[in-house]
1. Evaluate the protein assembly as shown: find the radius of gyration of its Cα atoms, find its Kirkwood radius, and give the ratio Rg to Rh.
2. Which order do A:369, A:358 take by accessible area at a 1.4 Å probe, largest first?
3. How far, in degrees from 0 to 90, does helix A:355-375 lean away from the longest principal axis of the Cα atoms of chain A, to the nearest 10?
4. Total accessible area buried between chains A and B, 1.4 Å probe, in Å² to the nearest 100?
5. Order of A:70-83, A:18-31, A:109-122, A:164-177 by packing, highest average Cβ count within 10 Å first?
6. Take every DSSP beta bridge whose two residues both sit in the protein assembly as shown, then give the antiparallel share in percent to the nearest 5.
7. Leaving out ligands, DNA and RNA, what percent of the accessible area of segment B:19-105 is carbon and sulfur, probe 1.4 Å?
8. Taking the full set of protein chains and a 1.4 angstrom probe, give the accessible area of residue A:102 in square angstrom, rounded to the nearest 10.
Amino acid sequence: MISGVRVFEAAGGVLVVGGGPAGMAAAAAALRHGARVTLLEAGYDLGGQYWRHLADERRGAHEHRLHHGWSTFQRLHEEITGHPRCDVVLGGSVWAIDRHDDAPPVVHVMVGAPDGTDREPRSYTPDRLILATGGQERTLPFPGWDLPGVFTAGAAQALAKGERVAVGQRVLVAGAGPFLLPVVSSLIRTGATVVGVAEASGRRRLARGWLTRPWELASTSSKAGELGGYLKDLVRHRVPYWTGRTVVAAHGTDRVHSVTLADLHPDWTRVEGSERVVEVDAVCVSHGFVPRTELAVAAGCQLDEQGFVITAAGQQTSVPNVYSAGELTGIGGADLALAEGEVAGTTAAGGVPRPSLIGQRKNLQNFAIRLESAHGIRPGWQTWPDPQTMLCRCEDVTVGELRDIAAKTQSRGLRSLKLTTRAGLGVCQGRTCGRNVEDLLSESLLPAGRTSYRPIATPVRLGELAATITPEREDPLP
Amino acid sequence: MGPQRLPATQDPVAPRDSGPLTITVDGAEVTGQVGQTVAGLLLGAGRVSWRTSRTGRPRGVFCGIGVCFDCLVTINDIPDVRACQRRATEGDVVSTEPPVREASA
Ligand SMILES: Cc1cc2nc3c(=O)[nH]c(=O)nc-3n(C[C@H](O)[C@H](O)[C@H](O)COP(=O)(O)OP(=O)(O)OC[C@H]3O[C@@H](n4cnc5c(N)ncnc54)[C@H](O)[C@@H]3O)c2cc1C
Ligand code: FES
């Protein structure tokens with residue numbers, strides 16, 4: 001028996017992990033259907049990546065100017081935090097989940113300042129568990145992408161919304177997908193000059209993805225309105241929007257001072273001779289998103305071939321009493337996360353989702369399919385890195401090293417390649433390079449998402465861990 | 001050139017004045033606003049990198065959401081704290097090199 005850990009018997013309760021749009025909607029819906037709810041969020045605040053905002057002490061009078069659906073956030077926030085049946089735990093990092101075949105999983109949490117030393121360990125045994133841990137950006141490697149001044153687009157967004165810091169003064173935004181647009185708007189509102197937006201997908205593909213069957217988009221008109229607003233910002237600030245073009249190199253010694261842009265063929269290989277150099281002091285890159293599936297994997301949830309958690313109509317996963325919602329189950333933006341969260345919270349609390357909600361989720365799932373067909377990563381990116389390009393930023397393993405060792409050892413085993421190359425063995429545990437490693441081992445036997453198997457979901461200090469397993473009796477060792 | 005904090009007076013979001021907050025970073029004082037993260041303070045002060053990788057390559061903020069671990073610092077002698085995840089508190093002593101651990105005999 002583990003002592004030193006307060007065990008929270010959330011019997012009859014619904015436990016939600018993640019306080020983004022999906023988790024907030026799930027908690028609110030479960031409360032509406034009569035459940036007791038515990039909401040665990042690792043960060044200092046609810047809102048997730050979409051509604052990342054200034055700290056309470058600095059709360060802006062016009063915070064809505066940086067957010068879409070800010071009133072939805074405020075409504076959900078009020079509904080959850082003011083509710084007598086809801087316990088919101090901020091600073092609660094879930095670091096492990098124990099599976100039990102015929103009992104609910106046990107959820108282990110450290111509560112306190114991020115990466116602290118004296119956090120409070122807790123364990124929960126809920127009746128129903130909803131995982132809404134969201135996603136993270138995927139950045140494809142190119143020469144110089146590890147130079148300071150190269151950020152993920154999400155980092156620029158988080159710093160703009162949460163800190164009012166612009167990552168640079170002359171900024172290039174590059175990658176793929178509509179997410180590049182809100183980043184431009186936030187950068188502009190934080191005082192930066194955006195020198196251009198480079199969308200890797202070409203005109204034809206964008207047209208095919210977005211303009212076919214336009215009637216389907218009518219039902220997601222809030223999305224169209226949101227995108228329209230961002231486009232207005234581009235026009236008003238004369239920010240060029242290039243399609244079929246991307247950043248293929250960043251230059252500098254200690255920090256980035258310029259980038260090379262190149263045109264791309266439809267498969268994302270470079271058009272030779274199209275290169276041009278642009279001076280910048282920051283680059284924001286986003287080639288799409290991957291789910292943060294550590295906890296789902298630990299709970300035993302089955303993933304699909306792209307690495308997303310498989311869910312049924314009520315957001316049930318393959319594990320009884322475990323549900324999932326939001327970016328974990330597919331990439332479709334905050335509105336889809338909200339709809340899925342509401343379905344998950346409703347069914348987990350024993351309710352039946354309204355048909356209109358199910359319809360809305362279906363429309364937004366179609367939007368997600370268009371997103372992938374218009375902007376999904378194409379294999380030609382593998383020609384951007386040269387052999388010296390960093391692949392694993394933590395361990396400084398290059399693309400050349402991975403390819404050489406894979407060729408020499410004929411190994412396709414993830415474990416042995418990790419051990420021989422060190423890719424994915426560093427502090428981030430392959431969170432940043434994992435999918436790129438999977439892609440580069442092209443005839444790989446690895447199913448997608450295989451590199452996200454990590455028994456410890458968030459870092460815990462050994463001291464903290466040791467403190468949770470104080471023996472009950474001080475028996476001398478034999 | 002580089003990152004910069006938008007002065008509150010020019011900010012369309014009109015943040016409340018939360019008051020100044022000062023930490024020391026490798027012995028030098030860096031001032032920001034109450035409620036900022038350590039990474040936000042460092043970037044707001046114009047720094048883009050504060051650590052080196054295993055082979056000496058400079059590292060600072062990359063993902064901004066706690067997944068890449070590029071932004072690690074030592075805070076009040078506690079190593080490996082993600083600067084983008086930890087809010088600063090007045091008087092925090094930040095070191096950008098990990099503490100020297102003395103080998104035990
Ligand atoms: C950095 C970043 C910025 C983004 N900004 C925008 C934007 O401005 N506009 C836009 O349209 N889309 C944005 N997106 C896309 C956005 O992620 C989704 O549209 C939306 O936020 C998804 O909602 P979600 O609830 O599924 O996940 P999220 O909003 O990501 O919420 C997941 C929550 O789970 C928490 N969590 C994760 N793991 C644990 C754990 N182990 N223990 C406890 N809590 C945990 C996280 O702290 C987070 O708050 C951004 C994505 C990223 C990665
Ligand atoms: S910048 Fe990635 S963890 Fe802090």
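The values are calculated or read from the model by the stated rules, or taken from the named source; none is laboratory data. Keep in mind it's a predicted model, so treat the numbers as computed, not measured. Because the Cβ atoms are built from the backbone with ideal geometry, glycine has one as well, and the counts that use them run over all protein chains shown. With ligands, DNA and RNA removed, areas are computed over all heavy atoms of the protein, side chains included. Shrake-Rupley method; radii C 1.70, N 1.55, O 1.52, S 1.80 Å.
1. Numbers: Rg = 23.1 Å, Rh = 24.4 Å.
Taking Rg over the Kirkwood Rh, I get 0.95.
2. Numbers: A:369 110, A:358 60 Å².
The residues order as A:369, A:358, largest area first.
3. 40 degrees
4. Values: alone 21920 and 7200 Å², together 24240 Å².
The contact between B and A buries close to 4900 Å².
5. Numbers: A:70-83: 16.0, A:18-31: 30.8, A:109-122: 19.3, A:164-177: 25.0.
Descending mean neighbour count gives A:18-31, A:164-177, A:109-122, A:70-83.
6. On the way: 48 of 87 bridges.
Restricted to the protein assembly as shown, the bridges split so that about 55 percent are antiparallel.
7. 49 percent
8. The accessible area comes out at roughly 150 Å².
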